[in-house]
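The structure appears below as structure tokens.
The values are calculated or read from the model by the stated rules, or taken from the named source; none is laboratory data. On a predicted model such as this, the values are computed, not experimentally measured, just so you know. Note that we place each Cβ from the backbone using ideal geometry, even for glycine, and neighbour counts take in every protein chain shown.
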Amino acid sequence: MRLLAAAVAFLVSIPLAGAAPPRTLRPFTTDGCSLFPDRDPVRHVEWRECCVAHDMAYWRGGTEAERLHADEALRACVAQRTGDTRLAELMFRGVRAGGAAVFPTWYRWAYGWRSYGRLYAPLTEAERALADAALARWRSVQGTGEPLGAAWPAR
């Protein structure tokens, strides 16, 4: 009987051995506009919130179409906040050139996933739920004195 149980356990484990490890998600962090200023100190115009929203999309990842949508939303937000379409276009071109998923940078597309190389793929329902819950937790701790980009404590 033990031999039969061991054989069944072995056979059941074979498909699992080749299965991809589950993807894990780092806590959301943001540095604002990464390699670009967050505001114009001369005109007293700030666009950091546009970059934080953009970082949320980049942290989460997804398809190439979702990345394009995030980049277009950044451009629209900056243009609306500043009235400066040239600045908005410059930022759009910068994220299009430097934010691709293939770059091993902290600000690449899908930077929240622990496994580098996620590239462009739709999130599964489980991944989407995980990301939604993580962002909800991040939003819930904002305004508690923590820096905007701080990761939240484990709960």
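What tally of residues in region 28-80 results from selecting those that are over 19 Å from the mean Cα position of the chain (by Cα) and part of a strand (DSSP E or B)?
4
Which residues, taken from region 115-130, are hydrophobic (A, V, I, L, M, F, W, C) and in a loop (DSSP other than H, G, I, E, B)?
So the first thing to find is which residues in region 115-130 are hydrophobic (A, V, I, L, M, F, W, C), and the list is 119, 121, 123, 126, 129-130.
Residues satisfying the conditions are 119, 121, 123.
Starting from region 120-141, take each residue that is surrounded by 14 or more Cβ atoms within 10 Å (Cβ to Cβ) and list its partners that are part of a helix (DSSP H, G or I) and aromatic (Phe, Trp, Tyr), counting only C-beta distances under 8 angstrom and pairs at least six apart or across chains.
Going by the 8 Å Cβ cut-off, the qualifying pairs are 131/59.
Can you report the number of residues in region 112-155 which are of a type outside the set (A, V, I, L, M), touching a Lys or Arg at 6+ places or on another chain (Cβ under 8 Å), under 26 Å from residue 36 (Cα atoms) and modelled with pLDDT of 80 or more?
Total satisfying the criteria: 5.
Of all residues in region 77-91, how many are under 28 Å from residue 136 (Cβ atoms) and surrounded by 14 or more Cβ atoms within 10 Å (Cβ to Cβ)? Explain how you work it out, then say what you get.
Quick first cut of region 77-91, residues under 28 Å from residue 136 (Cβ atoms) only: 77-78, 80-81, 91.
Okay, now just the ones that are also surrounded by 14 or more Cβ atoms within 10 Å (Cβ to Cβ), so 77-78, 81, 91.
So the count comes out to 4.
Within region 97-108, can one find any residue that is charged (D, E, K, R), in a helix (DSSP H, G or I) and out of contact with any Phe, Trp or Tyr (no Cβ under 6 Å at 6 or more places or on another chain)? Talk me through it step by step, then tell me what you get.
Filtering region 97-108 for residues charged (D, E, K, R) gives 108.
Filter once more, keeping what is in a helix (DSSP H, G or I): none.
Looking for residues that are charged (D, E, K, R), in a helix (DSSP H, G or I) and out of contact with any Phe, Trp or Tyr (no Cβ under 6 Å at 6 or more places or on another chain), one finds none in region 97-108, hence no.
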